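> Please find one structure pasted underneath; my questions will follow.
Each value in this text was obtained by applying a stated rule to the coordinates, not by laboratory testing. Since the structure is predicted, the reported quantities are computational estimates derived from the model, not experimental observations. All Cβ positions, glycine included, derive from the backbone under ideal geometry; neighbour counts span all protein chains shown.
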Amino acid sequence: MAWVEPDLTGRSASRLIVAFMQKELFLQRPLFVREPHKLNRYARRAGQPRRLRPFEVALGALLAAFLGLACGGTKPSAEAPLAPVESAPVAEAELPPESVVEATGPAAIPQACAKSGGTCTADSAWVKKLCSAVYPDVALYLFRKASPFAHGYLTRKTKAVNASGGVTSGDEWLAFDEEVIVLIERKASSSGIQVSGADASYEALRVDGSCVTLDSTELTLNLPPKAKYASLQWRYLGEDVQDVLKANTKIFDAYVARKRECKGAYSGEVSKKCVDLDAKLNALIVDSLKSGAVDLPEPKKRP
């Protein structure tokens, strides 16, 4: 049965209200209680020349509520089950480069020359990390026979300076004929203009794990009759490196003899025999690595 709209032209406000309530109840949409402004729209469609006064609208609302309660309310239509609301995927926040956490753990030690041709040197970015501290384990690893990097030798007694900003070792001076590993070579300017201090320079690694900066007058790649080495402090080596070295019989015997004579001392006043045994142990370690008699895996203590 359809609703037939009555002719309300010229009817009073009260008649309009009653007619509107009848329509709302018939169509089972008692929205007037919540939306009384609809009464004014209904009145305009019915030809009411004026806007209903607020008290007339309020009266209509009260009557609609009263009739709705008296009639038991309208039967609500069955509501369709609500579909599950899917949350929109949250875009992963992009972190600024400086907040990105670098992978933990030490980097691998370079195993090949950074550039083809010329002096074989290491990757400059890795060298920068290496020279920020002292790594005696890495120095021994690079003194191995299998290491590809060039060896250099001091042409004179030279003050130990690390221009990279890192620390230097306890030996403040490099000895004449001291052997080092050449890490970086900076060639002199090829412009033809001679500038004071513009000779080639090098970043080099001593056997004690400290870096030094040298110029071309202080370093040569020519092998001397007998190379020398910086003092190697056994106590600063990692246990993994010590265990490999002590597995060699000659090194182990030299280690025991040095320990017995020096009575565990590494500084202060010691006997001359202790100094000689310490130098013998250091030379034996380096010679064994350079000859290939002893090989080291990558040490745990590295940049």
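> List, in the order given, every pair from 273/301; 157/272; 272/301; 129/300; 115/226; 129/187 whose Cα-Cα distance in the structure shown is over 27 Å.
Where the Cα-Cα span goes over 27 Å, the pairs concerned are 273/301; 272/301; 115/226.
> Let me ask something else. For residue 235 and residue 199, compute 0.36 nm times the residue count separating them, minus their Cα-Cα distance, and round to one decimal in nm.
Separation in residues times 0.36 nm, less the Cα-Cα distance, equals 9.2 nm.
> Quick one: if you stick a label point 7 Å off each Cα along the C-beta vector at residue 269 and residue 108, how many nm between them?
Each label point is offset 7 Å from its Cα along the Cβ direction, giving 5.3 nm.
> Among 200-209, 221-230, how do they line up by average Cβ neighbours within 10 Å per residue, starting with the highest?
For the peptides 200-209, 221-230, the packing ranking is 200-209, 221-230.
> In addition: Which distance in nm do the two modelled labels at residue 253 and residue 187 give, with both placed 7 Å along the Cα-to-Cβ direction?
4.9 nm
> For the residues 234, 173, what sequence is obtained by ranking on other C-beta atoms within 10 Å, fewest first?
173, 234
> Give the peptides 242-252, 142-152 in descending order of average Cβ contacts within 10 Å, highest first.
142-152, 242-252
> Now for a separate question. So which lysines can residue 145 reach, going by Cα to Cα under 16 Å and dropping same-chain residues fewer than 8 places off?
290
> Around residue 119, with a cut-off of 11 angstrom between Cβ atoms, what is the net charge of the other residues, counting Lys and Arg +1 and Asp and Glu -1?
The answer is +2.
> Continuing with the same structure: With a ≥ b ≥ c taken as the square roots of the eigenvalues of the C-alpha gyration tensor of the stretch 115-229, please select rounded if a/c is under 1.5 and otherwise prolate if a/b is larger than b/c or oblate if it is not?
Verdict is rounded for the stretch 115-229.
> Tally Lys and Arg at +1 and Asp and Glu at -1 over the other residues with C-beta under 14 Å from the C-beta of residue 174: what net charge comes out?
-4
> Relative contact order for the stretch 172-303: what percent, with Cα pairs under 8 Å and sequence separation of 6 or more?
Contact order relative to length: 20 percent.
> Related question: Could you point to the residue in 175, 165, 152 farthest towards the positive end of the stretch 148-190's charge dipole, with +1 and -1 charges on the Cβ of Lys/Arg and Asp/Glu respectively?
165
> Here's something else I'd like to know. Would you mind counting up the charge near residue 186? Only other residues with Cβ under 13 Å from its Cβ, with Lys and Arg at +1 and Asp and Glu at -1.
For residues surrounding residue 186, the net value is -2.
> Roughly how many nanometres apart are two label points built 7 Å out from the Cα toward the Cβ at residue 144 and residue 291?
1.8 nm
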